[in-house]
1. Which of the strands (runs of 3 or more DSSP E) found entirely inside region 9-49 contain at least 1 residues meeting this: touching an Asp or Glu at 6+ places or on another chain (Cβ under 8 Å) and β-branched (Val, Ile, Thr)?
2. Would you point out which residue out of Val24, Val45 is of a type in the set (Val, Ile, Thr), modelled with pLDDT of 85 or more and within 9 Å of the chain's Cα centre (by Cα)?
3. Find the residue count for region 63-96, including only residues that are among the small types (Gly, Ala, Ser) and modelled with pLDDT of 95 or more.
4. So which residues in region 56-85 are part of a strand (DSSP E or B), of a type in the set (D, E, K, R) and over 10 Å from the mean Cα position of the chain (by Cα), if there are any at all?
Amino acid sequence: MKNFKNLEERIIKFKRISSDGEEVNREAEIRRMISEGGEPRSITVRLANPVNTMADFDFDMATQQFKGERGEYTWISDFDWREYMRLNDFGTTDRYIKSPKYK
């Protein structure tokens, strides 16, 4: 398990897509990511808008993105998880990572 202490290390991007197809880019803070076999399985994030909303998203192997429904919106990750893992010095991606704030 790797803990991220700096907020900057946990900020990622998501696209929020409305039912009529309108896309808005949003920031989110990773609170927990679980990976297995070199591939992510799920992610828990704190969305910046709506403020302080926690959300869990599953990893879609076909698109290589985290996806999920939250309210009337579809959320799709807009960051390269491989690059994120590499830049944050994981070594191997078979890790469980979390924010020190995650409970």
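The values are calculated or read from the model by the stated rules, or taken from the named source; none is laboratory data. Just so it is clear, the model here is predicted, and its values are computed rather than measured. So basically every Cβ, Gly included, is an ideal-geometry build from the backbone, and we count neighbours across all protein chains shown.
1. Hits in region 9-49: 11-17, 39-47.
2. The conditions single out Val45.
3. The number of residues fulfilling the criteria is 2.
4. Asp60, Glu69, Arg70
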